[in-house]
Amino acid sequence: MERAADLLRFPGPIGGSQAREPGFGVYVHWPFCAAKCPYCDFNSHVRHKPIDQARYAAAFEREIAEMGRRSKGERVTSIFLGGGTPSLMEPATVGRILDAIANTWDIAPGAEITIEANPSSVEATRFCGYRAAGVNRVSLGVQALNDRDLKLLGRLHDTKEALRAIALARDIFPRLSFDLIYARPDQSVAAWEAELGQAIDLAADHLSLYQLTIEEGTPFYALHRAGKLKVPDGDLSADLYEATQKLTAQRGLPAYEISNHAVPGAESRHNLTYWRYGLYAGVGPGAHGRLRDKGQRVATSNERLPETWLQMVEDWDHGMVEEEPLSPAEQADELLLMGLRLSEGVDLKRWQALSGRSIDRAVERDLTDNGMIERLGPDRIRCTPAGMLVLDAVVADLA
């Protein structure tokens with residue numbers, strides 16, 4: 001049996017927006033967190049008793065094997081351990097998961113293997129253990145670089161811990177990304193520019209910069225409805241977005257996706273698989289996937305509750321609750337929705353092959369005249385920065 005650490009060596013940055021090959025990814029969802037952030041609507045769960053990691057690792061191994069049977073012949077170009085808080089996993093658990101993937105699929109040379117981590121759960125020994133297991137990229141959930149806003153966002157770390165985690169990650173992993181949330185309550189453009197400048201100074205090759213959104217079902221949603229949480233209005237949010245694009249471009253980390261910025265060539269290969277509408281296996285509670293079955297693209301989704309998923313896998317080798325073939329028209333819509341998030345835009349020939357029709361010229365002309373989209377040669381369109389601000393509306397018009 002081959003170990004993932006031997007197969008998944010990472011020689012340097014791969015991908016780049018010009019390659020435009022979707023690849024095949026494996027997403028593994030670790031659903032547990034130490035605490036639930038008040039803005040988060042992800043499938044994450046807090047448990048006050050220790051998690052039986054050996055039992056969950058065995059279940060991941062079984063579901064990975066089942067997903068491999070459903071996606072024979074694929075070659076893995078990226079693996080992403082997301083959550084939840086995957087950095088709550090012991091290195092041995094991560095090692096078992098990566099070994100299972102390496103023994104199920106062919107792994108491409110230089111495959112990207114990312115783990116999400118929270119600064120509050122970072123230890124040098126744990127990071128070294130992840131690296132030894134085969135992880136070559138870490139994505140840190142920093143979210144803010146001042147203690148007031150970290151407390152507001154419900155984070156368990158402070159600024160000092162965040163800076164320590166960034167320094168550790170830069171020392172141990174070939175690649176590093178970290179997240180920040182902006183458009184926070186009482187945040188001015190000048191304050192955000194100063195914080196973003198500090199983040200760029202700390203960054204290695206990638207930043208994920210997300211506007212705070214108020215999601216239904218979260219504590220922030222209830223506070224916002226009650227008038228107890230005020231976020232920037234539409235005009236200020238647009239100003240913050242524009243400042244973000246300008247500063248990151250000036251500093252060498254231009255946006256390649258609406259919320260993601262990288263040194264050219266250091267884009268997230270795994271996320272590009274999603275946005276370029278590639279195939280991927282979703283493993284773990286609440287994970288989603290896009291697989292190919294007899295030439296048909298199939299959407300999969302797993303049971304969200306961890307304990308129920310665990311029992312399903314132990315009984316049936318998988319925790320899938322939905323497995324739905326996608327029609328060509330549905331695939332065309334998904335391709336458009338994902339691809340227009342990218343600065344490289346959408347391949348119209350691929351869209352036309354799926355949809356069976358051409359882009360409505362009148363709609364395209366109207367969106368172009370209003371500065372929402374632009375052509376990149378005869379067979380590719382993309383959103384302009386203005387179009388990115390109203391992306392959902394642009395997609396709806398074109399679809």
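The values are calculated or read from the model by the stated rules, or taken from the named source; none is laboratory data. The structure presented is a predicted model; accordingly, all values stated were derived computationally and were not measured. Because the Cβ atoms are built from the backbone with ideal geometry, glycine has one as well, and the counts that use them run over all protein chains shown. Heavy atoms of the whole protein, side chains included, go into the accessibility calculation; ligands, DNA and RNA do not. Shrake-Rupley method; radii C 1.70, N 1.55, O 1.52, S 1.80 Å.
Could you tell me whether Asp293 is more than 22 Å from the chain's Cα centre (by Cα) and either without any contact (Cβ under 8 Å) to a residue 12 or more places away in the chain or more than 29 Å from Asn43 (Cβ to Cβ) (or both)? No; evaluated as a whole, the condition is false for this residue. Within the stretch 109-125, being more than 11 Å from Ile79 (Cα to Cα) and outside any helix (DSSP H, G or I) holds for Pro109, Gly110, Glu116, Ala117, Asn118, Val122, Glu123.
Evaluated against (1) of a type in the set (S, T, N, Q); (2) under 28 Å from Val26 (Cβ atoms); (3) at pLDDT 95 or above, Thr213 falls short on exactly one condition, (3).
Quickly run through the stretch 47-86 and pick out the residues that are at pLDDT below 95 and assigned to a helix (DSSP H, G or I). Of everything in the stretch 47-86, nothing turns out to be at pLDDT below 95 and assigned to a helix (DSSP H, G or I). Just wondering, is there one or more residues in the stretch 118-125 that are modelled with pLDDT of 95 or more, in the same structural domain as Leu212 (by the TED database) and open to solvent by 20 Å² or more (accessible area, probe 1.4 Å)? Checked against the condition, which is being modelled with pLDDT of 95 or more, in the same structural domain as Leu212 (by the TED database) and open to solvent by 20 Å² or more (accessible area, probe 1.4 Å), the stretch 118-125 yields no hits at all. Taken over the stretch 371-399, the criterion of being open to solvent by 40 Å² or more (accessible area, probe 1.4 Å), part of a loop (DSSP other than H, G, I, E, B), more than 22 Å from Gln331 (Cβ to Cβ) and not aliphatic (A, V, I, L, M) is satisfied by Gly377, Pro378.
Per this entry, Asp52 is not counted among residues that are open to solvent by 40 Å² or more (accessible area, probe 1.4 Å) and over 30 Å from Thr218 (Cα atoms). Of the residues that make up the stretch 126-146, is at least one in the same structural domain as Leu253 (by the TED database), in a loop (DSSP other than H, G, I, E, B) and open to solvent by 20 Å² or more (accessible area, probe 1.4 Å)? So far as the stretch 126-146 goes, yes, one or more of its residues are in the same structural domain as Leu253 (by the TED database), in a loop (DSSP other than H, G, I, E, B) and open to solvent by 20 Å² or more (accessible area, probe 1.4 Å).
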